[in-house]
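So the structure is just underneath, and the comments pick up after that.
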Ligand code: 5GP
């Protein structure tokens, strides 16, 4: 932004979205990315094999266990986790590059990943927890998703109950009653967080420039 010749820029932010599965987070993330040109999705590295339909560099960056270990040893990962024998991690360099350019990064991760990211990148992080409007709505969405056995649905409900426990650790909470309304709320959060004093570069010089002329 240019005001009287002085530039006010901003450092990007890391937007973390977490929710129990079935609360509509994936749809919200997709719509938010489409509506916000300066927001991009973080692409994780993983040691798991590529699945049909996945694309290198889009869904994940697929690397060997040795390459993953090397990244861990060099401190190239902001956080990582072991999930069913495979390792997944968030590469540090692309995040840092984006933040410096004033671009924002979206992370679709669970509460454990969010907790680790919070420790690694405190000042840059904005976290949002997505809640379903009710237990019944969540159950309906989980049942609609696939023709699963009642046991599988029950297990997913238990998983949801575990994830929901962590809502208080987040900066913001959105009750996803209607998708468009939730997208509006997410965009309001982004708009306000982008204006935070601590993220705005050149603000001191800008104010000094005004003061000099007063
Ligand atoms: P999938 O193999 O089905 O794509 O993912 C398995 C799990 O790994 C999911 O729960 C997903 O959220 C998690 N995951 C994917 N990328 C990362 C990452 O960079 N960090 C962490 N902590 N978990 C991840």
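The values are calculated or read from the model by the stated rules, or taken from the named source; none is laboratory data. Small disclaimer: the values here were computed from a predicted structure and weren't measured. Positions of Cβ are backbone-derived with ideal geometry, glycine not excepted, and every protein chain shown enters the neighbour counts.
Observations
- Of the residues making up region 128-151, at least one is part of a helix (DSSP H, G or I), touching a helix residue (DSSP H, G or I) at 6+ places or on another chain (Cβ under 7 Å), within 16 Å of the ligand (Cβ to nearest atom) and over 28 Å from residue 57 (Cα atoms).
- Tabulated pairs, region 78-95, first in contact (Cβ under 8 Å) with a residue 40 or more places away in the chain, second assigned to a loop (DSSP other than H, G, I, E, B) and more than 8 Å from the ligand (Cβ to nearest atom), C-beta under 6 angstrom, 6+ apart or interchain: 86/47; 87/47
- Scope region 88-127; condition under 27 Å from residue 157 (Cα atoms) and part of a loop (DSSP other than H, G, I, E, B); matching residues: 109, 110
- Qualifying residue in region 73-95 (condition: away from the ligand (no atom under 16 Å from the Cβ) and either modelled with pLDDT under 95 or more than 30 Å from residue 212 (Cα to Cα) (or both)): yes
- Inter-residue pairs, beta-carbon under 8 Å, first within 21 Å of residue 12 (Cα to Cα) and in region 171-191, second exposed (fewer than 14 other Cβ atoms within 10 Å of the Cβ), 6+ apart: 183/35; 187/35
- Subset of region 8-31 [in contact with a helix residue (DSSP H, G or I) (Cβ under 8 Å, 6 or more places away or on another chain) and in a helix (DSSP H, G or I)]: 27, 28, 31
- Of the criteria (1) free of Cβ contacts under 8 Å to residues at least 40 places away in the same chain; (2) within 13 Å of the ligand (Cβ to nearest atom), which one residue 18 fails: (1)
- Test: residue in region 26-41 that is over 22 Å from the mean Cα position of the chain (by Cα) and without any contact (Cβ under 8 Å) to a residue 24 or more places away in the chain: no
- When region 32-45 is limited to residues that are more than 11 Å from the ligand (Cβ to nearest atom) and part of a loop (DSSP other than H, G, I, E, B), the one that is nearest to residue 181 (Cα to Cα) turns out to be 36.
- Flag set for residue 63, criterion: more than 26 Å from residue 27 (Cβ to Cβ) and at pLDDT 95 or above.
- A count restricted to region 155-214 and to residues that are closer than 29 Å to residue 134 by Cβ, touching a strand residue (DSSP E or B) at 6+ places or on another chain (Cβ under 8 Å) and assigned to a helix (DSSP H, G or I) stands at 10.
- Residue in region 98-113 that is loosely packed, with under 15 Cβ neighbours inside 10 Å and near the ligand (Cβ under 8 Å from one of its atoms) present: yes
- So residue 51, is it closer than 25 Å to residue 145 by Cβ and within 11 Å of the ligand (Cβ to nearest atom): yes
- The lone exception for residue 54 - which of (1) touching a residue at least 40 places away in the same chain (Cβ under 8 Å); (2) more than 19 Å from residue 193 (Cα to Cα) it fails: (1)
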